[in-house]
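As structure tokens, the structure follows; a few thoughts come after it.
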């Protein structure tokens, strides 16, 4: 076989493989929602920090995780990654669960990394344009108060909310937290553009192998940032990363207290705007994973990182009381999803990973059902 024949066969093989990959890519995009798999293409924004490029694969014309932007919606949801539905498909995020349970049109304005400032802005500039009768604000206990502080003091647009001097504050929680590694640029591009890459490299088989190794490291105490809880007879096998979380809820911290002040102010402003538009405003309180499993974690004082876990739980308990006192005093309705999540701890509520502490499909289902049950009892006027 001469060189020309060999080159022709190699070219044919490469072309066939490329064509096959292209067919698989097209098929995956037709059968699956790209927003459930691809990394989003973000744009820097002087008001919100970031936004998603409008009409990115799987996102709507406003850059949110919906099939389209409707002319109106019965319910609008605002929130962070816990409302967006990180680690789950769009149809499994808790706003989608509420839509199915109530039979109402729900439009989701949640996005990862957002906090009370962004909730307020997207509600005022987009959400109320849909003339909703109900606005659900997903308030995550883990970092919303910190986010309010960082955005207010990190972006000049929000200077009107400032109260005091805090120096230079970095608002960019979306920036890389670790030094870049070899090939990161290529991997990031593939994560944004290739369904096949995401399905193969981040699919269940590869994830299962990686997480089995990582969970064993966490359980043995060899991972300095992660610990693990196993209760075999109750089907509990969960990882926790409490080190950063404890400080975000520490009410002896000036930035945390300031973040809470800003958050409470913005919640009142959103509730007032909703009343003026003839709709109801409802806060959906989403607890940290540590607090959901507090009963089990507190019984294991020898657990790796137990002191950090204890601080998260105790700090969140104090913060929760302050929040609830405020909501009652301000006459703002709320749904506390903690009791429902605690009743369901044996149902694999969270993503089965040691790196991501977001709920999984079951956790979002429990949150959505708790909201739907509240709405059924309260019977707000939703058209």
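No lab work stands behind these numbers, since they all come straight from the coordinates. Computed from a predicted model, the values in this text were never measured in an experiment. Note: ideal-geometry Cβ built from the backbone for every residue, glycine included; neighbour counts use all protein chains shown.
Would you check which residues across the range 322-344 are farther than 21 Å from residue 363 by Cβ and not in a strand (DSSP E or B) and list them? Give the steps one after another, and end with the answer.
From the range 322-344, those farther than 21 Å from residue 363 by Cβ are 322, 324-333; that's our starting set.
Within the range 322-344, 322, 324, 325, 326, 327, 328, 329, 330, 331, 332 meet the criteria.
Could you please let me know if residue 298 is surrounded by fewer than 18 Cβ atoms within 10 Å (Cβ to Cβ), touching a helix residue (DSSP H, G or I) at 6+ places or on another chain (Cβ under 8 Å) and without any contact (Cβ under 8 Å) to a residue 24 or more places away in the chain?
In short, yes.
Conditions: (1) part of a loop (DSSP other than H, G, I, E, B); (2) within 20 Å of residue 138 (Cβ to Cβ). Residue 278 meets all but one. Number of the miss?
Condition (2) is where residue 278 drops out.
Can you find a residue that is crowded, with 19+ Cβ neighbours inside 10 Å, closer than 26 Å to residue 352 by Cα and in contact (Cβ under 8 Å) with a residue 24 or more places away in the chain anywhere in the range 48-57?
No, the range 48-57 has no match at all.
Please count how many residues of the range 229-267 are assigned to a strand (DSSP E or B) and surrounded by fewer than 18 Cβ atoms within 10 Å (Cβ to Cβ).
The number of residues fulfilling the criteria is 4.
Test residue 312 against the criterion of being in contact (Cβ under 8 Å) with a residue 60 or more places away in the chain, farther than 29 Å from residue 102 by Cβ and surrounded by 13 or more Cβ atoms within 10 Å (Cβ to Cβ), and give yes or no.
Against the criterion (in contact (Cβ under 8 Å) with a residue 60 or more places away in the chain, farther than 29 Å from residue 102 by Cβ and surrounded by 13 or more Cβ atoms within 10 Å (Cβ to Cβ)), residue 312 qualifies.
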